[in-house]
Amino acid sequence: MTQDEMKEEVAKSALTYVVEGSIVGVGTGSTANKFIDALATIKDTIKGTVASSEATAERLRGHGIPVFELNDALTQVKKLSVYIDGADEFDPQKNLTKGGGGALTREKIVAAGSEKFICIVDESKQVEFLGAFPLPIEVIPMAEALVMSIANNLGGNAQVRDGFTTDNGNIIIDVTGLTIKDARKLEDDLNEVPGVVTNGIFSHQGADIVLMATPNGVVTID
Ligand code: 5RP
C-alpha cells in the first residue's frame, strides 16, 4: 500500500467521527484534503464546516460543502462537534507537531473551538519525541530577527521559510534539529516571545484520538 493510499484509508475512517447535523472543523494538508473528498460523499448529513485555511475553504466549497467563519459558527453552537486534521508528527502522549503547510495558527484556533480533535496520519508520523520534523513558528514580520535569535538558542537551527506568507500575513520560522522532551513547556515558552503568533507544538490542543494508517489497516490510538 502506498503512502497516498494509506492517507486515503485513514481519511475515510475519520467519517465515523463526523456528527450528523453538526458543523465540522476541517484541517489543512494532503491528508486533510483526502478527508474533504471523503466528507463530500456525506455532505448532506452535516450542517457545514469551518476551514483552517484558505486552501481548505476553497476545496470544501469546490465540493459544494458550506463553509462558515468560526466566529459565526460559534454564535450557533458552543463548540464545533469535531476537528479533523493531519499532523507532521505525534508522540505517545498525542502531542503533535503541525504547520508543515503553514496553517498552524488557524488550525490551533479551530482545534480549540472544537469538542474533539481527531488526528489522521500514516505511520510515518509516529515518533518517540517531537522534533525530527522542523518546528514551525508563525511570527509577525517585524519580530523576525528577535525570534530568530531566540529560536537559534533552542539548540537547533532556525531558518525563515523562503518566500512563504501565512493566511494571516505573517512569516514562518522553522527550527530543525530539536529533540522535544517537554512539549508543553516548549509550546508555552515559545508562545511567550513577543511577536510569536503561535508555534506548531499542539500540546494544549493535542489530539484526543489519533487514527494511524498502516499497511495492515487503521489503528486507533486513544
Ligand atoms: C498543515 C499541517 C498538516 O496537518 C501537516 O503538515 C500534515 O500534512 P500532510 O497531511 O500533508 O502530511 O499542519 O499546516
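Read-outs: derived from the displayed coordinates by stated rules, not from any lab. Since we're looking at a predicted model, the values are computed, not measured. Quick reminder, even Gly has a Cβ in these numbers, built from the backbone with ideal geometry, and neighbours come from all protein chains shown.
Any chance you could check the Cα centroid distance between the stretch 21-85 and the stretch 145-178 for me, in angstrom?
29
When the C-alpha atoms of the stretch 1-90 are aligned to their principal axes, what extent does each axis show, in angstrom, from largest down?
Principal extents (Cα only, largest first): 42, 25, 24 Å.
Can you work out ³J(HN,Hα) from phi for every residue in the stretch 199-214, in order, using Karplus 6.51 cos²θ - 1.76 cosθ + 1.60 and θ = phi - 60°, giving whole Hz and x for Gly and Pro?
Values, residue by residue: 10, x, 7, 10, 9, 4, 10, x, 6, 7, 9, 9, 9, 10, 7, 10 Hz.
For T49, which sequence-distant residues (separation of 5 or more, or a different chain) have an amide H within less than 5 Å of its own amide H, given hydrogens modelled in the peptide plane?
V24, V67, F68
Given a Förster distance of 41 Å, report the FRET efficiency between T176 and E20 from their Cβ-Cβ distance, rounded to the nearest 0.05.
Given R0 = 41 Å and the Cβ-Cβ separation, E is 0.45.
From the cross-link list K125/K185; K12/K79; K47/K181, which pairs have alpha carbons spaced over 30 Å apart?
On the way: K125/K185 21 Å; K12/K79 23 Å; K47/K181 40 Å.
Flagged as over cut-off: K47/K181.
Over all distinct alpha-carbon pairs, what is the Kirkwood Rh of the chain in angstrom?
Details: mean 1/r = 0.0573 Å⁻¹.
Answer for the chain: a Kirkwood hydrodynamic radius of 17.5 Å.
Stokes-Einstein at 25 °C, 0.890 mPa s, Kirkwood radius from Cα pairs: D for the stretch 123-167 in µm² s⁻¹? Walk me through the numbers on the way to the answer.
Numbers: Rh = 12.3 Å.
Diffusion coefficient, whole number: 199 µm²/s.
Counting each pair of different Cα atoms once, what's the Kirkwood radius of the stretch 102-204 in Å, rounded to one decimal?
14.2
Taking N as the number of residues in the stretch 32-154, what value does Rg over Cα atoms divided by 2.2 N^0.38 Å take?
Cα Rg divided by the expected 2.2 N^0.38 Å: 1.18.
Report ³J(HN,Hα) in whole Hz for each residue of the stretch 129-135, in order, from the Karplus equation J = 6.51 cos²θ - 1.76 cosθ + 1.60 where θ = phi - 60°; Gly and Pro get x.
10, 5, x, 5, 7, x, 7
What does the charge count near Y17 come to, summing +1 for each Lys or Arg and -1 for each Asp or Glu among other residues with Cβ under 14 Å from its Cβ?
Combined, the nearby Lys, Arg, Asp and Glu give -3.
Of all the Cα-Cα pairs you can form in the stretch 37-84, what percent are over 15 Å apart? Can you show the working numbers first?
Details: 463 of 1128 pairs.
Of the Cα pairs, 41 percent sit more than 15 Å apart.
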